[in-house]
Amino acid sequence: MVEAGKSEDVAGSWAERLRAEPKQMPAIDLYAGRGLVEARRAAEHAAVRLAIISAGLGLVAGETEVPAYSLTTISGDPDDIRLKTAADRPDWWEAIQKASPFAASDPRDSDGLIFAAVSSAYLDMVGAEWSRWSDADLARLRLFSKAPPRDKARRLRSAWMPYDDRLDAIAGLAGTQGDFAQRAMRHFATEIRCGSQDGDAAAVLAALAPLPRRARPVNRRLDDAGIKAAIREEWARARGQSAAMLRHLRDALGLACEQGRFRTLFNEVKAEKLS
């Protein structure tokens, strides 16, 4: 990993490492998981180019040949690049976009609508930059995320399509919170006749209106010893990754654990395994 420093310096060093690595596969084949599968389906249906928002590569076209890497901006993950910089997510995004040898062309350079499916962390990362788009370019954006944009990304609120957990009631579109944004984007691409942002948002609400809301399960609470035991038992399944482990405990095992508490317990188990 590169040395700690200012975001521009860290991004420059990281980019040099990327240039030195052999190009292994198209970016679209590097990323796994249902989220990307859903994004590919949406892009194929609309017959448009697919690009990937990457904390390590910037905005990269799906067909671009890239090296494998391990880097994120997910809190609690040992590969969180912010541990190497004093930057927040928006600062890092602007630095890696400038430095990356694999960054794609600006999505505004093409014609038509721009669909973007992002997690809350990645919306936080790109939102400040996108909020500087012109009114005309912003009107072309359709944004899919579980929660509406806020803080530095609040200007994107008009582009947000108001999907909620009723999406799970649509045949073939049930899934997890991790792939919610991409599932919403696929439904929009295949079922919504696009018009204005306000009209499209209204069409989404109309599509969800007759659907039942999902009853939220109450996750079980365990003491610290119980959570650590679960982390040890599921270590290999989550590949020792903090973010993946937290999602697994909550979504698959139905355990309740606040993120700060989880981070402390996860790091204690990790220290055990490294000793």
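The values are calculated or read from the model by the stated rules, or taken from the named source; none is laboratory data. As the structure is a computational prediction, the values presented were derived from the model and not from experiment. Note that we place each Cβ from the backbone using ideal geometry, even for glycine, and neighbour counts take in every protein chain shown. We work out accessible area using only protein heavy atoms, side chains counted, and drop any ligands, DNA or RNA first. Shrake-Rupley method; radii C 1.70, N 1.55, O 1.52, S 1.80 Å.
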Completion exercise
Taking the chain and counting helices only, DSSP H stretches of n ≥ 4 at -39,500 (n - 2.57) each over all residues, the nearest-500 ellipticity at 222 nm comes to -12000 deg cm²/dmol
Handout entry: Cα-based Rg of the chain normalised by 2.2 N^0.38 Å, two decimals
Key = 1.05
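Region 220-270: which trypsin sites (Lys or Arg not before Pro) are DSSP loop and have at most 15 other beta-carbon atoms within 10 angstrom? Working shown, then result.
Numbers: sites: ARG220, ARG221, LYS228, ARG232, ARG237, ARG239, ARG247, ARG250, ARG261, ARG263, LYS270; in loops: ARG237, ARG239.
Loop-located and lightly packed - ARG237, ARG239.
How long is the gain from ALA171 to LYS273 if the chain were fully straight, where each residue apart is worth 0.36 nm and the alpha carbon distance is subtracted?
Numbers: separation 102, 0.36 × 102 = 36.72 nm, distance 4.25 nm.
Result for the pair: 32.5 nm of gain on full extension.
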Handout entry: Where labels lie 7 Å past Cα in the beta-carbon direction, separation of MET25 and VAL48 in nm
Key = 2.6 nm
Exercise for the section: Keeping all protein chains in place, calculate the accessible area per residue for the chain (probe 1.4 angstrom), answer in Å². Expected result: 51 Å²
Completion exercise
Extension length gain for GLU16 and ARG261 (0.36 nm per residue less Cα distance), in nm, is 84.6 nm
Handout entry: lysines with Cα under 19 Å of LYS98, excluding same-chain neighbours fewer than 8 positions away
Key = LYS6, LYS84
Completion exercise
Applied in sequence order to region 196-205, the curve 6.51 cos²θ - 1.76 cosθ + 1.60 (Karplus, θ = phi - 60°) yields integer Hz couplings, x standing for Gly and Pro, of 7, 4, 4, x, 5, 4, 5, 5, 5, 4
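Find out how many positive minus negative residues lie around ALA47, taking Lys and Arg as positive, Asp and Glu as negative, among other residues whose Cβ is under 15 Å from that of ALA47.
Numbers: positive: ARG40, ARG41, ARG49, ARG186; negative: GLU44, GLU63, ASP111.
Taking every Cβ under 15 Å from that of ALA47, the sum is +1.
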Fill in the blank from the handout: Residue-ordered couplings for region 101-110, obtained by feeding phi - 60° into the Karplus form 6.51 cos²θ - 1.76 cosθ + 1.60 and rounding to whole Hz (Gly and Pro as x), are x, 10, 4, 7, 5, 4, x, 6, 6, 9
Exercise for the section: For region 177-210, run through the trypsin sites (Lys or Arg not before Pro) and keep only the ones in DSSP coil with at most 11 other Cβ atoms within 10 Å of their Cβ. Expected result: ARG193
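Based on DSSP loop calls and a cut-off of at most 10 other Cβ atoms within 10 Å, the longest stretch of the chain free of exposed GluC sites (Glu not before Pro) is what?
Details: sites that count: GLU3, GLU258.
Longest run free of exposed loop sites: 4-257.
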Practice task
Please find, in a Gaussian network model of the chain (springs between Cα atoms separated by less than 10 Å), the residue of ALA128, ALA236, ALA147 whose mean-square fluctuation is greatest.
Solution key: ALA236
Exercise for the section: For region 164-236 and region 118-157, compute the distance between their C-alpha centroids and round to whole Å. Expected result: 19 Å
Practice task
Using amide H atoms built 1.01 Å from N in the peptide plane, name the residues 5+ places from VAL66, or on other chains, whose amide H lies under 5 Å from its own.
Solution key: GLN24, MET25, ALA27
Practice task
Report relative contact order for the chain in percent, whole number only (criteria: Cα-Cα under 8 Å, sequence separation at least 6).
Solution key: 17 percent
